[in-house]
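Student: Sharing a structure here in structure tokens format.
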């Protein structure tokens, strides 16, 4: 008779005893893993290779970016509506003092791992540079169609509307490896921003004035760590934020007739705003502190 445990009458050598894997070497799946796989797929042969677990998103940053984008849209909507209203102008001033700095800090925080690897450079081109070109051309074509001015040139050196941020993000990320090499990156970035505020010859190409004056916020995001954001989640900080924001609204109301709102745009030098050159560095440093506090 043929032994049913020995197909075709051939004897199989017994399996060797299981051995503990060497340290640092992954071992075979445990029976629990195999039973879970059988329960899911029915048969081990039909099981597909286990996919890598997807990185979990942090709702804190998702909500922060969403609110910052909403504030950007609200600010643009308020600009033609505020008119002579001092209250709307005060709220507008407070929003513009921190909504872009907050978004830029988060952008810098998520750019910490950027280097010159080909795959990351490719992602930078496809995710930032290409959308910049597409929207720049689209804006000009729409302007030509809406105004009937076919002579309006297409220029990639003059960002329209919000495309300046794509241009700035492209430049900031390219300089990320450089800021990682600097011993004191934030003070250096602040000095660069202050010098830009007294340099009217920088011009409007690629909105470099705005790129340089907003640079400290991006560099701050680069050097921040998760524990820094944990400070903002503490209960006492959330409670304290209520009187701080109320005080900011009061200061904004007071500053409406006394301060040029263009300072919050960071796109002009001190001379272009009609003030002495030394006011530029003072305002850049002061607004950096106010923006950081409100952020």
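The values are calculated or read from the model by the stated rules, or taken from the named source; none is laboratory data. Everything quoted here is computed from the prediction, not taken from an experiment. Virtual Cβ from ideal backbone geometry, glycine too; neighbours counted across all protein chains shown.
Student: Helices (runs of 4 or more DSSP H) wholly in the stretch 211-295 with at least 3 residues that are under 27 Å from the mean Cα position of the chain (by Cα) and surrounded by fewer than 17 Cβ atoms within 10 Å (Cβ to Cβ) - which ones?
Tutor: Counting at least 3 such residues, we get 226-232, 235-255, 279-294.
Student: Please name all residue pairs, on different chains or six or more residues apart, with Cβ atoms under 6 Å, provided the first residue is in the stretch 44-71 and is farther than 20 Å from residue 108 by Cβ and the second residue is modelled with pLDDT under 80 and surrounded by 10 or more Cβ atoms within 10 Å (Cβ to Cβ).
Tutor: 47/37; 47/41
Student: Considering only the stretch 142-163, I want to know if a residue exists there that is within 16 Å of the chain's Cα centre (by Cα) and part of a helix (DSSP H, G or I).
Tutor: Yes, because at least one residue in the stretch 142-163 is within 16 Å of the chain's Cα centre (by Cα) and part of a helix (DSSP H, G or I).
Student: Another question, if that's okay. Answer yes or no: is there a residue in the stretch 102-118 that is farther than 18 Å from residue 69 by Cβ and surrounded by 13 or more Cβ atoms within 10 Å (Cβ to Cβ).
Tutor: Among the residues of the stretch 102-118, at least one is farther than 18 Å from residue 69 by Cβ and surrounded by 13 or more Cβ atoms within 10 Å (Cβ to Cβ), which makes the answer yes.
Student: Moving on. Go through the stretch 193-205 and report how many residues are within 23 Å of the chain's Cα centre (by Cα) and either buried (at least 16 other Cβ atoms within 10 Å of the Cβ) or within 10 Å of residue 271 (Cβ to Cβ) (or both).
Tutor: Final tally of qualifying residues: 3.
Student: Which residue pairs have Cβ atoms closer than 8 Å, lie 6 or more positions apart in sequence or on different chains, and pair a first residue in the stretch 121-141 that is farther than 15 Å from residue 206 by Cα with a second residue that is part of a helix (DSSP H, G or I) and at pLDDT below 90?
Tutor: Partner pairs satisfying both residue conditions: 139/163.
Student: Something else: Being farther than 30 Å from residue 223 by Cα, modelled with pLDDT under 50 and outside any helix (DSSP H, G or I): is that true of residue 83 here?
Tutor: No.
Student: Name the one entry in 178, 162, 190 that is out of contact with any strand residue (DSSP E or B) (no Cβ under 7 Å at 6 or more places or on another chain), surrounded by 15 or more Cβ atoms within 10 Å (Cβ to Cβ) and within 30 Å of residue 286 (Cβ to Cβ).
Tutor: 190
Student: So residue 79 clears everything in (1) without any contact (Cβ under 8 Å) to a residue 24 or more places away in the chain; (2) farther than 29 Å from residue 254 by Cα; (3) in contact with a helix residue (DSSP H, G or I) (Cβ under 9 Å, 6 or more places away or on another chain) except one condition, right? Which one?
Tutor: (2)
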